[in-house]
Each structure stands twice: as C-alpha cells, then as structure tokens.
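Visitor: Have a look at this one.
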Amino acid sequence: MNLQQLKNKLNNLKKKGFIPSTRKGPTGIGHTLETHLGIKENNIALPDLVEAEIKAHRTNSNNMITLFTFNRK
C-alpha cells in the first residue's frame, strides 16, 4: 500500500464515523484500525507499511505510545 492508498483508506474510514472495537483491552484500537485498513496483524518488529508502523491511540487514554524505536533491521 502506498501513501495515497493509505490516505484514501483513512478518509473512507473516517466517513464511517464511530466503529466499535474488534477486541477488548489496550490492543483493541490498533487491531480495529489494522483490520479496517486491510493490514494483517503481526507481532514482528517490522513496519506495517513499506517504511512505517501504524500506531493508534484512544482519546483520553493515559497509556503511553512509542513513536520511535531503534531497530537494527
């Protein structure tokens, strides 16, 4: 998926409005986003998209989110 395709998918997702989480707990929002973007869930330290890792965060959440991680790969 290239950047323009991602933008289009995010715009289409935004138009849907509220979407219930596909999973409970702190990983639910990320799983929901990846599912609706057509990204297969994985637990490896490689990017979701060519050079970028998709991150999601709930509004009003106090959970920390890692935006930058050193990766020798």
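Visitor: Show the residues, 5+ positions off or on another chain, whose built amide H is closer than 5 Å to the amide H of Leu49.
Guide: Hits under the 5 Å cutoff: Ile54.
Visitor: In addition: Expressed in nm to one decimal, what extension gain is obtained for the pair Gln4 and His36 from 0.36 nm per residue of sequence separation less their Cα-Cα distance?
Guide: Difference between extended and current length: 9.9 nm.
Visitor: Show me the ranking of peptides 20-30, 51-61 by mean Cβ neighbours inside 10 Å, starting with the highest.
Guide: Result, highest mean Cβ count within 10 Å first: 20-30, 51-61.
Visitor: Tell me the carbon and sulfur percent of the accessible area for the chain, rounded to whole percent, probe radius 1.4 Å.
Guide: 55 percent
Visitor: With a probe of 1.4 Å, find how much accessible area the chain has per residue, and write the answer as a whole number in Å².
Guide: 88 Å²
The values are calculated or read from the model by the stated rules, or taken from the named source; none is laboratory data. What you see is a predicted model, and the numbers here were worked out from it, not measured in a lab. Cβ atoms come from the backbone with ideal geometry, glycine included; neighbour counts cover every protein chain shown. The accessibility values were calculated without ligands, DNA or RNA, using every heavy atom of the protein model including side chains. Shrake-Rupley method; radii C 1.70, N 1.55, O 1.52, S 1.80 Å.
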